[in-house]
Amino acid sequence: MSEENVEVVKRWIAAWNAGDMDTCREMLDPDVILKPAKDFPEPGPFISRDAVMGFYERTREAFDWDTVELTGEFAHAADRVVFPWIWHGQGHGPESNMELTTIFTVRNGKIREAEYFWEHAEAVEAAGLSE
């Protein structure tokens, strides 16, 4: 199942980078939970597809253009997929290049939980995986 979950995450990233927020929304479980990285301006957690999409849309509105660039390999076990990335954003002020690692929990082909970390090692540990 974990390889299938990696494919779900890859499709979600592709939809994000294409600006296809309808597909991103559809790929979220209706009861999805999002936990932003520590000290992020909106602390969360955000619970429900509408709340999570509101968070993503507000975050995207801060820029004229943004993209997710993977910076490493996917690590996965059971229903959890861990991936390091940089979020590039340009527009309304200085350019942004935030480095994060995310854990997506995928169940039945939908993203059930999204948890963000500033430190890759912390995410890997939280996912119960070893480097």
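Throughout, read-outs are computed from the coordinates displayed, never taken from laboratory work. Worth saying up front: this structure is predicted, and the values here are computed from it rather than measured. Cβ atoms come from the backbone with ideal geometry, glycine included; neighbour counts cover every protein chain shown.
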Of the residues N108, N17, N97, which exhibits the maximal mean-square fluctuation in a Gaussian network model of the chain defined by a 10 Å Cα contact cut-off?
N108
Please state the Cα pair-distance histogram of the chain with 10 angstrom bins from zero: what percent is in each bin?
13, 46, 36, 5, 0
Assigning unit charges at the beta carbon (Lys, Arg +1; Asp, Glu -1) and nothing else, what dipole magnitude in debye, to the nearest 20, does segment 1-100 show about its Cα centre?
200
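Arranged by the count of other C-beta atoms within 10 angstrom, fewest first, what order do R107, R58 take? Don't skip to the end; give the middle numbers.
Working: R107 14, R58 11.
Ranking R107, R58 by Cβ neighbours within 10 Å, fewest first, gives R58, R107.
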Order of D31, D66 - criterion: other Cβ atoms within 10 Å of each residue's Cβ, fewest first
D31, D66
Which of T59, T105, T67 moves the most in a Gaussian network model of the chain with Cα springs under 10 Å?
T59
